[in-house]
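The values are calculated or read from the model by the stated rules, or taken from the named source; none is laboratory data. Given the structure is predicted, the values throughout are model-derived calculations rather than measurements. Note that each Cβ is placed from the backbone with ideal geometry, even for glycine, and that neighbours are counted across all protein chains shown.
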Amino acid sequence: MKKVYLLYSFLVFGLFACNQKKQEETLPTKEQPNILWIVTDDHRYDAIQAFNKMLTGNEMSQLGYVESPNIDKLTTMGTTFVNSYCHAQGCAPSRASMHLGRYPFRSGVYQFEYYNNMAEHCEPTLPEQLANLGYQTTRIGKLGVRLKTIKDGKSASHNIYQNNFDFKKLRKEGFTGWGKDWFHELDGEKLEKPLKSVRFFVTPEGKFEYVSKELEETKPEYAGTAKMTMEKYDLLRHYNSKKPKSDYEGGILAGVSSREAGKTRDGYYVKIFDAYLNNQNEQFSFGSQAVEHIDETKPQFFYLGFDFPHTPVLPPASYRERFQKYKYKVPTLDEKELNTMPKQLKKLVTNGYTDHFTDEEKQKMIQDYFAFCAYGDALVGKAVDAFIDYNQKKDKPYLIVYVNGDHGWKLNDHGSVSKFTPWDIDAHNPIVVVSSDKEKFPAGKVVKEFAEFVDIAPTILSSAGADLSVEKFEYLDGIDMAEQVSGNATKRDYVVGESHHITGPRAFIRTKDYVFSIQTRPNTKRGGDIQWALNQTYDELDPALYHMPSDPNEVNNLAFDDNYKDIASKMKEKLLNIVLGDNRIEVDWGAKATGTEIYRSNFASGAHDYKLEL
């Protein structure tokens, strides 16, 4: 009996020791900080005075006056990575790279496709990894990550955050100044068939004003409502030879919000966040949505995804009126630039062409954009203040990661609006990290070495206590930015990326002095012709090469200049080896996001070593 008892005791102790070890491997021993991650949308770096000062020595944009006291303050509180770059200059693929911690050519997510987590190479997203580390995770606002899962052979929705405030539901309840949605009923009346993609504005009284050609044609009582909104909100819609002037279509590049400051969509994001932090009930609700209350026994991870200054560009009247007194220097398109511009980038410029706008229209477009940025800056400040106050009251450590845009935005730069290119104005997005641990992220420090969006996930995970050296985090493509601060990180000679939307598949590599980009595929079909670019002539790769010191606005394409032949050749070889040959992954996800078969190309394993001598 004694032997049995001893054996039993040994087994119990062994199991306890094994479980204890497993727990110690997954849960950190130090107190984990509460984390706030903020991402803005289509946000140019030159809309921030502090970034301009760091990069050019002047606080104002080359275009003119900008205002950003709250984000400027963030840079004094923490460490600014002023030369951080996104990898794909479109909302969905850029947000995927941040949430997945992987380059597009390693995740297989290149544009606005829906994808699933059942492919063999997939790993948990950043919030899911944080949940594994004991965090309670909450998302407020725009997500843009189109991740699904597969159930019973069909793609199904998949929440990567535990708590979600999704404005697709709240906007129909009037918690916004504008929106776009399907309507099955209108003003309390059930419709015979749903109206698709109805745009609308919401007045301060909660009245909906609709913009729908189909609605006006089927219900005469709504005739003229689109024209009314154009005049009432002074809207400037995008138009050119491909997009003629219309009361119904075209992205809104300028105008005034139907709501006052604080009661717009972004304003409600901050109201929800502040109310959630101060909630004392067992459950928290806002409008029709309810989520679990904050579990004080767990560290918290909050993701705040703002919509500003993404179109529709509609600053509140108080901000718009203030910025209308400033006159801006409008970028203009030189025909010489078009003559040397690569076909893919010319396609983008043609699609988003704005150089035909009148001087008044161009001024309005820029004034309202920077006014919208200034309004958003105030909201960022309120959210940060609420978060720091929450942590100080509870005596908790904290981390704030502020990302200035999922990519940039053109304001007639290169004669166009929109994004989607490797040009600096589209791809350059500084990051600020503020921590209660000032040794890790010192106040007021500026890091000018390159950083990338894939660094965000490892930085947050490391701060949360994850050991990035263990096998389960090997898939992460970035580095912990704290290592850059301490000087322990490998110095990057370049940053890379690849984007497929609008321009078609195009990859870039950027050094301190040069940026080089080429076409990587003949089309966006996944799986076939992965190594297409290896077998094309230089001309067929549609190359672009810009020398930043002498040409900071990237106007003069040197790809065919004999004086830069060797530089272009070295950059082309390095870029192709990285994006095509160092563990490239493509997946034909399919229209319903059920694809899981992986196509790989790994002929130059290890090529991505951050080293490039020119």
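Data overview
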{"quantity": "Residues located in the range 58-69, provided they are out of contact with any Phe, Trp or Tyr (no Cβ under 6 Å at 6 or more places or on another chain) and more than 17 Å from Gly444 (Cβ to Cβ)", "calculated": "Asn58, Met60, Ser61, Gln62, Glu67"}
{"quantity": "Some residue of the range 557-573 being out of contact with any Leu (no Cβ under 8 Å at 6 or more places or on another chain), assigned by TED's automatic domain parsing to the domain that holds Val515 and β-branched (Val, Ile, Thr)", "calculated": "no"}
{"quantity": "Residues of the range 577-614 satisfying the condition of being touching a strand residue (DSSP E or B) at 6+ places or on another chain (Cβ under 8 Å) and not in a loop (DSSP other than H, G, I, E, B)", "calculated": "Ile578, Val579, Arg584, Ile585, Glu586, Val587, Ile598, Tyr599, Arg600, Ser601"}
{"quantity": "Only one of Lys73, Lys21, Lys53 that is modelled with pLDDT of 95 or more, assigned to a helix (DSSP H, G or I) and either within 30 Å of Glu296 (Cβ to Cβ) or hydroxyl-bearing (Ser, Thr, Tyr) (or both)", "calculated": "Lys73"}
{"quantity": "Single residue of Asp385, Asp389, Asp334, Asp395 found to be more than 22 Å from the chain's Cα centre (by Cα) and modelled with pLDDT under 95", "calculated": "Asp334"}
{"quantity": "Val454 closer than 13 Å to Thr80 by Cβ, at pLDDT 95 or above and assigned by TED's automatic domain parsing to the domain that holds Asp377", "calculated": "no"}
{"quantity": "Residues satisfying the stated conditions in the range 138-153, i.e. out of contact with any strand residue (DSSP E or B) (no Cβ under 8 Å at 6 or more places or on another chain) and either free of Cβ contacts under 8 Å to residues at least 60 places away in the same chain or charged (D, E, K, R) (or both)", "calculated": "Val145, Lys151, Asp152"}
{"quantity": "Some residue of the range 218-227 being on the phi > 0 side of the Ramachandran plot, buried (at least 16 other Cβ atoms within 10 Å of the Cβ) and outside the structural domain of Val417 (by TED's automatic domain parsing)", "calculated": "no"}
{"quantity": "Selection within the range 243-257 - farther than 21 Å from Glu214 by Cα and either part of a loop (DSSP other than H, G, I, E, B) or at pLDDT below 95 (or both)", "calculated": "Gly255, Val256, Ser257"}
{"quantity": "Cβ pairs under 9 Å, 6+ apart, first in the range 65-80 and assigned by TED's automatic domain parsing to the domain that holds Ser435 and of a type in the set (Lys, Arg), second assigned to a helix (DSSP H, G or I) and at pLDDT 95 or above", "calculated": "Lys73/Ala50; Lys73/Gly381; Lys73/Val384"}
{"quantity": "Among (1) buried (at least 20 other Cβ atoms within 10 Å of the Cβ); (2) without any contact (Cβ under 8 Å) to a residue 24 or more places away in the chain; (3) of a type outside the set (A, V, I, L, M); (4) closer than 26 Å to Val403 by Cα, the one test that Phe284 misses", "calculated": "(4)"}
{"quantity": "Filter pass, Ile456 being of a type outside the set (Ser, Thr, Tyr), within 19 Å of Met98 (Cβ to Cβ), in contact (Cβ under 8 Å) with a residue 60 or more places away in the chain and touching a helix residue (DSSP H, G or I) at 6+ places or on another chain (Cβ under 6 Å)", "calculated": "yes"}
{"quantity": "Members of the range 473-510 found to be more than 24 Å from the chain's Cα centre (by Cα) and touching a residue at least 60 places away in the same chain (Cβ under 8 Å), listed by number", "calculated": "Thr490, Lys491"}
{"quantity": "Candidate set from the range 462-502 (those that are touching a strand residue (DSSP E or B) at 6+ places or on another chain (Cβ under 7 Å) and under 14 Å from Tyr85 (Cα atoms)); member that is modelled with the lowest pLDDT", "calculated": "Ser499"}
{"quantity": "Of all residues in the range 195-236 being among the acidic types (Asp, Glu) and outside any strand (DSSP E or B), the one that is farthest from Asp247 (Cα to Cα)", "calculated": "Glu205"}
{"quantity": "Residues within the range 536-550 that are exposed (fewer than 14 other Cβ atoms within 10 Å of the Cβ) and more than 22 Å from Tyr110 (Cα to Cα), tallied", "calculated": "4"}
{"quantity": "Complete set of residues in the range 404-430 that are aliphatic (A, V, I, L, M), crowded, with 23+ Cβ neighbours inside 10 Å and under 25 Å from Ile479 (Cα atoms)", "calculated": "Ala427"}
{"quantity": "Residue among Tyr328, Tyr369 that is within 19 Å of His43 (Cα to Cα) and outside any helix (DSSP H, G or I)", "calculated": "Tyr328"}
{"quantity": "Residue within the range 439-461 that is hydroxyl-bearing (Ser, Thr, Tyr) and surrounded by fewer than 24 Cβ atoms within 10 Å (Cβ to Cβ) present", "calculated": "no"}
{"quantity": "Among residues of the range 513-535, those that are closer than 21 Å to Ser550 by Cα, surrounded by fewer than 20 Cβ atoms within 10 Å (Cβ to Cβ) and touching a Phe, Trp or Tyr at 6+ places or on another chain (Cβ under 8 Å), counted", "calculated": "0"}
{"quantity": "Spans of strands (runs of 3 or more DSSP E) in the range 113-171 with at least 1 residues among the aromatic types (Phe, Trp, Tyr) and buried (at least 17 other Cβ atoms within 10 Å of the Cβ)", "calculated": "163-165"}
{"quantity": "Residue satisfying all of: in the range 287-307; more than 20 Å from the chain's Cα centre (by Cα) and of a type in the set (Ser, Thr, Tyr); surrounded by the fewest Cβ atoms within 10 Å (Cβ to Cβ) among these", "calculated": "Thr297"}
{"quantity": "Residue that is farthest from the chain's Cα centre (by Cα), among those in the range 511-536 that are of a type in the set (Ser, Thr, Tyr) and under 18 Å from Asn429 (Cα atoms)", "calculated": "Tyr514"}
{"quantity": "In the range 118-169, residue farthest from the chain's Cα centre (by Cα) [restricted to those that are under 22 Å from Asp467 (Cα atoms) and hydrophobic (A, V, I, L, M, F, W, C)]", "calculated": "Leu133"}
